[in-house]
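One structure is given below, encoded as C-alpha cells.
Laboratory data are not the source of any read-out in this text; all were calculated from the coordinates shown. If you're wondering where the values come from, they're calculated on a predicted model, not measured in any experiment. Every residue, glycine among them, receives a Cβ derived from its backbone with ideal geometry; neighbour counts consider all protein chains shown.
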Amino acid sequence: MTPEKSPDVRMVAAAAITVAVVTGACAGADFESVIDADVRIAAGGATFSPAGVRDPVGCARRLTRLLGEARAKEIMLGGRTVSAADALRLGLVTRVVPAPEIGEAVSALEAGLRALPPLALRAVRDAVHATRDLTPREALALEHEHFRRLIATRDHKAAVAAFFGGREPTFTGQ
C-alpha cells in the first residue's frame, strides 16, 4: 500500500457500476478515485480532502463537473477537509450511513444493481455522463440510440417474458 492509498476507501464494481465506499479519511489519490465513481457511499465519520491529489487541474475539472463551479471552488481552493454530512450536502457523496451499517448498505446496493440488466445500466451510466456536454436535442438522440440498441437484446426479451410470466427476469448481459 502506498502512502496515498488508505484502507478507509475501497472501490466496488457492481454490474458495470463503480461504487466508492469511504469509511474514514479520503484524500489524495483516493479522493481522485472517489469523485470518478458512479455512486459514492460514506460512513458517518468519513472525511474528504483534495490535499495531495496528483493532478490538481484534472481533479478540479472533474469536481466542477460533479458539483458545479462554486462548490468545487469551496473544496479545492480552501483545501479543507469535508465531513460526510457536508459531502452529502455538497453532492460529493450520494449517501451517508452509520458506520456499523456500511457493509449492509453496500451489499444491498450491489445486490440491487446486479438484479438489473447490465446493458441497460451501462447505457444509463453512459448517457448520464455524456449528456453533460450535449444539447437537449443531442441528448434525446442519444437516448433513442440506446433505446433502439437495448430493445433488440436478449435481456429485453427476457424482461418482457418475465413480466408477462409473472416472474423475476434473469439477465445475462446479452
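Please work out if THR131 is among the polar types (S, T, N, Q) and in contact with an Asp or Glu (Cβ under 9 Å, 6 or more places away or on another chain). Steps first, please.
Values: among the polar types (S, T, N, Q): yes; in contact with an Asp or Glu (Cβ under 9 Å, 6 or more places away or on another chain): yes.
Yes.
Do we have any residue at all in the range 52-60 that's surrounded by 14 or more Cβ atoms within 10 Å (Cβ to Cβ) and charged (D, E, K, R)?
no
Check GLN174 against each of (1) under 29 Å from ALA27 (Cα atoms); (2) part of a loop (DSSP other than H, G, I, E, B) and name the one condition it does not meet.
Failed condition: (1).
Considering only residues of the range 114-150 that are within 14 Å of THR172 (Cα to Cα) and in contact with a helix residue (DSSP H, G or I) (Cβ under 7 Å, 6 or more places away or on another chain), which is surrounded by the fewest Cβ atoms within 10 Å (Cβ to Cβ)? First the steps, then the outcome.
First, the residues of the range 114-150 that are within 14 Å of THR172 (Cα to Cα): 114-122, 150.
Those left that are additionally in contact with a helix residue (DSSP H, G or I) (Cβ under 7 Å, 6 or more places away or on another chain): 117, 119-121, 150.
Working: PRO117: 22, LEU119: 21, ALA120: 20, LEU121: 19, LEU150: 17.
That would be LEU150.
Taking THR153 and the conditions (1) exposed (fewer than 13 other Cβ atoms within 10 Å of the Cβ); (2) without any contact (Cβ under 8 Å) to a residue 60 or more places away in the chain, which numbered condition does it fall short on, given that it satisfies the others?
Condition not satisfied by THR153: (1).
Identify, from the list ALA37, ALA87, ALA14, the residue that is over 30 Å from PRO169 (Cβ atoms) and surrounded by 15 or more Cβ atoms within 10 Å (Cβ to Cβ). Before you say what the answer is, go through the steps one by one.
Working: ALA37 fails: over 30 Å from PRO169 (Cβ atoms); ALA14 fails: over 30 Å from PRO169 (Cβ atoms).
Exactly one residue qualifies, and that residue is ALA87.
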